[in-house]
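Let me begin by presenting the structure, written as structure tokens, before commenting on it.
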Amino acid sequence: MTLTASQAEWLRVRAYLQEHRHALAVDAAGEYPAERAMAGTPLLAAPEWEPAGPVPLHDVELEFFPDTRGTPPRTPGPLLPERPDGTRYRCYSDALRDLAAPAVFENRPTYRLTEADLTKPRLAFTRGRYFDGVDTGEAAAHEYAAARLAGLEKYRQDQHQAAGPRARIADPCDLSRRPANLAITTLTLRFDAAAGRASFLLHWRDPAKVGHAGGMYQVIPVGVFQPSGEASWHEREDFSLWRCMLREFDEELRGTPEEYGAGPVDYESWPFARHMAAALDRGQIRVWCLGLGVDPLTYATDLLTVAMIDSRVFDELFSLDPRGNDEGSVLAAREFAAHVIDRVVTTEPLQAAGAAVLRLAWRHRDTLTS
């Protein structure tokens, strides 16, 4: 494939973004007021997104409004390269799919977040698509990387003073200004009550396999809040934070393929889901929501959750051994301790949401382990 000059330049910027995501995110956080930083990390939050303490997951009220979707914004033209026939790509996801598609890159349905107040606690959603977030968030990250590469003043001149996605969105915590696909970011803690110790796993995201945050570390599991299929019964039956988390636990920690068939997932008869639900009922699994935040570079929006799992239940269902999976590699287990969290957060390329949930979990450790 012969590339145009603008396609080659787009790929150059994309490669720079992939290689320097962590540093760019840290720098991008400096453009926002310090009071927006969650738990001293780059993650941004509105005041009502930070509850005073851990909220039991089942206390978070969900509402769904299917007919308030709105029109997702398009990526401004100057950010998109020209094809050999002289036409520009329609949107950022089209350019990414054609020039640098990761192994998994599908425009699946999502539950798009429209309102959030975790002091109540309440989240409201409408219908969305995965590429809605790519066409704003990844485009905004690309714009920031291009500015760093070219020098800010030259970049502005090249853009003919056009307002790019970052200027148009302005405040990424304002959910009315952009489509927000919510990811559920879960810190999984294996808790040994007898020893009084907990450990956690991190996930390295392979940039060749994922469209978001490639090359970075993250807690595990993490997944976009979305139905498991296109049909209306998927949309109805999967509208549950816990059910979404179950699918991600099964995929990322057990290595189960993401294949659910044409019909709705039968959570009541699925053995893994039944095992997890029974442990939840017995208090051997406890799940909390700690907050909601936005990545300052990509505008990825994450619900921060913690799953405290009794060591006996964890060992029946999961493993602490390092291994590969469909999105990267599960790394060796680490002790849930202040010095370990400090080292991970300050020295490793950890996503902003992962850094925030680790900091918050340690802050609220007495509640989580009581």
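The values are calculated or read from the model by the stated rules, or taken from the named source; none is laboratory data. Predicted model, so just to flag it, every value in this text is computed and none were measured. Backbone-built Cβ (ideal geometry, glycine too); neighbour counts: all protein chains shown. Protein only, heavy atoms only, side chains kept; ligands, DNA and RNA dropped before computing areas. Shrake-Rupley method; radii C 1.70, N 1.55, O 1.52, S 1.80 Å.
Data overview
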{"read-out": "Candidates Arg178, Arg190, Arg205, filtered to the one that is over 30 Å from Val265 (Cα atoms), touching a residue at least 24 places away in the same chain (Cβ under 8 Å) and either hydroxyl-bearing (Ser, Thr, Tyr) or surrounded by 20 or more Cβ atoms within 10 Å (Cβ to Cβ) (or both)", "value": "Arg178"}
{"read-out": "Test result for Glu235, touching a Gly at 6+ places or on another chain (Cβ under 6 Å), in a helix (DSSP H, G or I) and closer than 27 Å to Asp132 by Cα", "value": "no"}
{"read-out": "Residue count, the range 175-207 (criterion: part of a strand (DSSP E or B) and under 22 Å from Ala361 (Cβ atoms))", "value": "19"}
{"read-out": "Residue count, the range 82-122 (criterion: open to solvent by 30 Å² or more (accessible area, probe 1.4 Å), in a loop (DSSP other than H, G, I, E, B) and either over 15 Å from Glu138 (Cα atoms) or acidic (Asp, Glu) (or both))", "value": "11"}
{"read-out": "The range 325-339: number of residues that are farther than 19 Å from Arg205 by Cα, surrounded by fewer than 16 Cβ atoms within 10 Å (Cβ to Cβ), touching a residue at least 12 places away in the same chain (Cβ under 8 Å) and of a type outside the set (D, E, K, R)", "value": "1"}
{"read-out": "Test: residue in the range 61-73 that is in a helix (DSSP H, G or I), in contact with a Leu (Cβ under 6 Å, 6 or more places away or on another chain) and at pLDDT 95 or above", "value": "no"}
{"read-out": "Some residue of the range 88-97 being free of Cβ contacts under 8 Å to residues at least 40 places away in the same chain and on the phi > 0 side of the Ramachandran plot", "value": "no"}
{"read-out": "Within the range 208-221, considering residues that are assigned to a loop (DSSP other than H, G, I, E, B) and more than 13 Å from His22 (Cα to Cα), the one modelled with the lowest pLDDT", "value": "Gly211"}
{"read-out": "Pairs, first open to solvent by 40 Å² or more (accessible area, probe 1.4 Å) in the range 345-370, second of a type in the set (Val, Ile, Thr) and at pLDDT 95 or above, C-beta under 8 Å, six or more apart", "value": "Arg359/Thr41; Arg359/Ile341; Arg359/Val345; Trp362/Ile341"}
{"read-out": "Residue match in the range 189-204 (condition: of a type outside the set (S, T, N, Q), within 19 Å of Tyr130 (Cα to Cα) and in contact with a strand residue (DSSP E or B) (Cβ under 9 Å, 6 or more places away or on another chain))", "value": "no"}
{"read-out": "Answer residue from the range 277-293, given it is surrounded by 18 or more Cβ atoms within 10 Å (Cβ to Cβ) and hydrophobic (A, V, I, L, M, F, W, C) and is nearest to the chain's Cα centre (by Cα) among those", "value": "Leu292"}
{"read-out": "Residue check for Gly214: open to solvent by less than 10 Å² (accessible area, probe 1.4 Å) and not charged (D, E, K, R)", "value": "yes"}
{"read-out": "Selection count where residues are more than 26 Å from Ala145 (Cβ to Cβ) and either at pLDDT below 95 or open to solvent by 40 Å² or more (accessible area, probe 1.4 Å) (or both), scope the range 36-55", "value": "4"}
{"read-out": "Conditions (1) free of Cβ contacts under 8 Å to residues at least 40 places away in the same chain; (2) touching a Gly at 6+ places or on another chain (Cβ under 6 Å): number failed by Thr298", "value": "(1)"}
{"read-out": "Breaking point among (1) touching a helix residue (DSSP H, G or I) at 6+ places or on another chain (Cβ under 8 Å); (2) in a helix (DSSP H, G or I); (3) surrounded by 24 or more Cβ atoms within 10 Å (Cβ to Cβ), for Pro296", "value": "(2)"}
{"read-out": "Residue count for the range 11-32, restricted to those that are surrounded by fewer than 15 Cβ atoms within 10 Å (Cβ to Cβ), over 26 Å from Met1 (Cβ atoms) and more than 19 Å from the chain's Cα centre (by Cα)", "value": "2"}
{"read-out": "When residues of the range 305-324 are limited to those that are open to solvent by 20 Å² or more (accessible area, probe 1.4 Å) and assigned to a strand (DSSP E or B), the one nearest to Asp281 (Cα to Cα)", "value": "Asp310"}
{"read-out": "Selection status of Thr136, under 29 Å from Leu11 (Cα atoms), modelled with pLDDT of 95 or more and open to solvent by less than 10 Å² (accessible area, probe 1.4 Å)", "value": "no"}
